[in-house]
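All of the numbers you see were taken from the coordinates with simple rules; none came from a lab. Keep in mind it's a predicted model, so treat the numbers as computed, not measured. Ideal geometry is used to build each Cβ from the backbone, glycine not excepted, and the neighbour counts take in all protein chains shown.
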Amino acid sequence: MKKLGLNHLAVRNIRRKLFRTVSIVLSVAAVSGTLFSATLVIYSVRRSIAVGAGRLGADVLVVPAQDESKARDALISGQPSEYYMPSKVLDEVRQVEGVEKATPQVFIKSSPLSCCGVSNVLLIGFDPSTDFSVTPWLTDFSGKNFNNNDIIAGDEVPTMTGRTLKFYGQEFNVVGTLARTGMRYLDNSAFITLNAAYKMAAQSGTKALKKVNVTPDEISTVLVKVKDGYTPQRVAVKISFAVDGVKAIASSDVISTVKDQLSKLFAYLLTVGGIVWVMALLLIGVVFSMIVNERQREIGLLRAMGATKGFMFRLLITEAAMLTSAGGILGVAGGGIVVYSFKNLLVKELSVPYLWPSPGLIIALLVGCIVVSTITGIAAALYPASISARMEPYEAIRKGE
Amino acid sequence: MKKMMFCIALAAVALMATAMIAAADDAPLLKGTAYVAGHGGHLAVINLSTWDLDRIVITHAGSETEGVIAGLHLDAAHKKPGGGTHGAALIGRDLFVGLLDGRVKKYNLDTQKLTDLGQVGEKFCGAIPGPGGKDIYYEDMANGNVYQFNIKKEKKADVIPVGKSVCGIAWTKDGKTAFVSDMVQGKIFILDWKTKKKIGAIKIGTFIHQIRMNPAHTELWCTAPNEFVVTAKGPQPSSVAGKGKSQIVIIDVKNRKIKDRVDVTDDQLFPHDLAFTPDGKWVLVSCRTYSDDSILAVMNAKTHKIVKEVSICKRCHQEAGVKIKIDNGSPLLCGIAVDWGKNPE
């Protein structure tokens with residue numbers, strides 16, 4: 001005679017009422033899907049900000065006062081923008097209390113008309129003699145000296161090391177590509193020396209279809225590193241005050257803007273997730289109470305045939321765990337597909353950078369969400385399971401008839 | 001005869017002494033105009049000779065608990081700060097008013113022109129002219145920073161992180177040391193003004209507001225109305241505002257120790273700001289009552305007796321039929337600025 005195992009019985013019970021099974025699985029899937037996708041998005045944006053801010057390397061960015069919003073947008077959403085201010089700003093910034101290092105950069109948007117170059121890339125000219133933002137990455141390229149014909153390309157620029165890139169009629173050797181940061185400001189940019197940028201601009205009138213209107217007495221931004229004992233916010237205020245016509249932005253303030261946007265989204269998703277979770281918990285609890293009520297005769301017979309109280313308890317808990325873990329798996333799969341499919345739309349609508357978390361973290365999130373779903377099911381079924389375990393065989397059979 | 005003459009002289013001296021003592025506790029004859037900022041978004045204007053009342057509208061009303069205080073949301077229904085004025089610094093004929101939403105507005109008393117000077121901080125308490133006369137220092141209740149605002153350029157020149165929820169600032173005579181009051185920590189921080197670094201703190205232990213240096217720079221007066229009790233866990237509201245002791249705490253500047261606590265609880269006054277007369281003999285104290293009025297009290301700086309109390313909200317509100325809808329129906333005032341020697345025209 002074949003022995004009736006716990007799992008075998010649980011599976012058969014689940015199969016008996018297909019509609020009920022599907023309802024429970026879907027409600028749990030909604031909870032785990034929301035939890036998984038919300039957490040995944042938050043982690044991705046946070047990672048992108050952390051990596052991007054680390055790459056930027058500056059505590060404060062000084063930009064023309066009238067172009068502050070353009071600069072912020074460029075940092076967050078990576079829209080290539082051009083803005084210029086007099087290069088004497090650099091010396092004035094260096095005089096401000098609390099400034100340890102200051103280095104200039106000039107921005108040139110690559111021509112959309114270019115026949116043999118890459119369009120809509122932000123070319124960033126930097127000064128290798130004072131730079132503390134780009135040169136630390138050069139160690140990635142075997143310590144090679146960076147010269148005026150060299151270029152480092154961001155992750156989204158379609159090229160690779162060893163190739164050449166042509167901008168405004170000027171050819172550059174790609175000496176390295178940057179690891180992805182998720183911030184388009186860095187990923188969609190290419191870095192050349194300040195001298196190369198000015199030379200390219202000067203020659204663009206004869207070598208390219210479009211002339212670049214930037215002269216050596218213009219810069220786009222000054223990146224600042226602050227002295228110990230000073231906060232970036234304080235130095236930013238001091239620079240904005242001391243230097244006319246500029247606005248100094250603490251990079252941490254840009255990050256906190258993104259964090260504020262995120263926290264609102266996260267709070268909204270958590271609220272929705274919380275409501276769905278409570279509903280799922282109640283639903284599972286009610287459904288399993290009904291199951292116990294419905295199966296009184298069956299429970300009585302099983303008990304009469306020798307099933308222990310513990311077996312009856314474990315049977316219902318196993319059913320709940322099976323249903324909710326299936327819901328959990330379905331939810332994380334669905335959530336993952338939704339986030340992956342709508343990632344670009346999300347980035348565009350929220351104007352946030354995005355970089356997928358490490359595989360380890362994604363696996364931990366997956367497991368975490370499935371475990372939470374399973375625990376939800378077990379918690380909801382605890383009370384009905386204890387009732388079913390306490391039923392006396394005769395009483396259960398009689399009531400169940 | 002000699003005996004009689006002696007008795008008459010003695011009586012005359014006694015009479016004169018009595019008259020002097022009585023006169024000392026009489027309301028003084030002052031000349032000037034006081035401007036007291038309030039949550040209603042306007043400044044109460046008080047003629048110090050006649051005690052007549054007027055007002056200057058700066059912005060719309062806003063409660064102190066709206067938005068953030070010391071990083072905390074006390075009023076969950078109002079996540080953003082409203083309007084409301086909280087302090088004004090008088091520079092020449094311009095009043096530089098700090099608002100509860102962190103903006104600064106300039107009001108010219110001659111032209112009556114109001115100019116918005118933009119967002120400077122998050123939620124201002126005090127607005128105090130600096131020692132050099134070139135800057136105004138705004139103390140922020142939301143983030144604990146002191147903002148240096150340059151009068152000439154009309155923009156912020158520095159931001160000094162000091163505490164959690166700062167309200168007032170004062171300097172020693174040589175300008176080398178500054179004192180900054182932190183409401184929620186119940187402390188007055190001492191700063192080396194050159195480096196802007198904290199070098200000490202005076203613990204008051206109650207919920208404090210503004211601080212003012214007397215003209216001789218010997219005493220630092222601090223308003224401590226104690227609407228909240230300062231505990232290790234942070235400020236805990238008193239069951240009813242003002243249930244605790246309402247005080248003006250006097251600090252000896254030389255020793256940096258508390259030398260007196262003037263209790264005004266029985267007067268039902270909850271002092272928020274002070275202004276010394278130029279001779280240092282009298283102090284104007286702007287006080288809340290948490291009832292239907294706020295009061296300007298005149299205190300003798302030596303005897304610490306209150307010699308006069310003037311209504312600076314109810315008189316106008318009653319006449320105009322104004323009903324207060326914020327702050328539990330109580331008109332709340334705070335910072336005071338005085339134009340000594342000039343009465344309003």
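Observations on the model:
- Based on Cα atoms of the protein assembly as shown, Rg over Rh with Rh as the Kirkwood radius reads 1.13.
- GNM flexibility winner over chain B from B:LEU109, B:LEU48, B:LEU100 (Cα, springs under 10 Å): B:LEU109
- All aspartates and glutamates inside 14 Å of B:LYS257 as judged from Cα atoms, apart from same-chain residues fewer than 8 positions distant: B:GLU219
- For the protein assembly as shown, a simple Cβ point-charge model (Lys and Arg +1, Asp and Glu -1, everything else neutral) yields a dipole of about 2060 debye relative to the Cα centre.
- Dipole of segment B:81-144 [Lys/Arg +1, Asp/Glu -1 at C-beta], most positive-end residue of B:PRO81, B:ILE91, B:ASN143: B:ILE91
- Residue by residue along B:141-152, Cβ atoms of other protein chains within 10 Å of the local Cβ number 1 on average.
- Bridgeable lysines around A:LYS309 (alpha carbons under 29 Å apart, same-chain partners fewer than 8 residues away excluded): A:LYS2, A:LYS3, A:LYS17, A:LYS399.
- The angle between the Cα long axis of helix A:6-16 and the main principal axis of chain A comes to about 90°, on a 0 to 90 degree scale.
- Against chain A, whose longest principal axis comes from its Cα atoms, helix A:68-77 is set at around 50 degrees.
- Violating pairs (Cα-Cα greater than 18 angstrom) within the set A:LYS70/A:LYS343; B:LYS203/B:LYS254; B:LYS259/B:LYS305; B:LYS134/B:LYS155; B:LYS197/B:LYS259; B:LYS105/B:LYS323: A:LYS70/A:LYS343; B:LYS197/B:LYS259; B:LYS105/B:LYS323
- Helix-only CD estimate at 222 nm, as mean residue ellipticity for chain B, using -39500 (n - 2.57) per DSSP H run (n ≥ 4): -3000 deg cm²/dmol
- Listed by chain and number, the aspartates and glutamates whose alpha-carbon sits under 15 Å from that of B:LYS123, ignoring those within fewer than 8 places in the same chain, are B:GLU64, B:GLU66, B:ASP75, B:ASP101, B:GLU139, B:ASP140, B:ASP182.
- Average silhouette area of chain B, convex hull of alpha-carbon atoms, in square nanometres: 20.0 nm²
- Of B:LYS113/B:LYS325; B:LYS187/B:LYS245; A:LYS238/B:LYS153; B:LYS113/B:LYS152, those spanning more than 21 Å from alpha-carbon to alpha-carbon: B:LYS113/B:LYS325
- Trypsin sites (Lys or Arg not before Pro) restricted to segment B:51-151 and DSSP loop, no more than 16 other C-beta within 10 Å: B:LYS79, B:ARG93, B:LYS113, B:LYS134
- With neighbours defined as other Cβ atoms within 10 Å of a residue's Cβ, the residues A:TYR168, B:TYR138, A:TYR340 order from fewest to most as A:TYR340, A:TYR168, B:TYR138.
- Over all Cα atoms in segment B:68-113, the spread is summed up by Rg and Dmax: 13.8, 41 Å.
- Charge context of A:LYS88, other residues only, Cβ under 14 angstrom, K/R +1, D/E -1: -4
- Gaussian network model of chain A, springs between alpha carbon atoms under 10 Å - residue of A:PHE107, A:PHE126, A:PHE19 with greatest fluctuation: A:PHE19
- Neighbour-limited loop hits for chymotrypsin sites (Phe, Trp or Tyr not before Pro), segment B:70-131 (at most 14 other Cβ within 10 Å; DSSP other than H, G, I, E, B): none
- For A:ALA10, net neighbour charge (Lys/Arg +1, Asp/Glu -1) across residues whose Cβ lies under 12 Å away: +3
- Helix B:2-24 vs. chain B, principal-axis angle (Cα, 0 to 90°, nearest 10): 10 degrees
- Charge dipole of the protein assembly as shown about the Cα centre (unit charges at C-beta), most positive-ward option of A:SER204, A:TYR268, A:ALA379: A:ALA379
- Chain A - share of DSSP beta bridges that are antiparallel (%, nearest 5): 75 percent
- For the residues B:HIS42, B:HIS304, B:HIS272, a GNM of chain B with alpha-carbon springs under 10 Å puts the largest fluctuation on B:HIS304.
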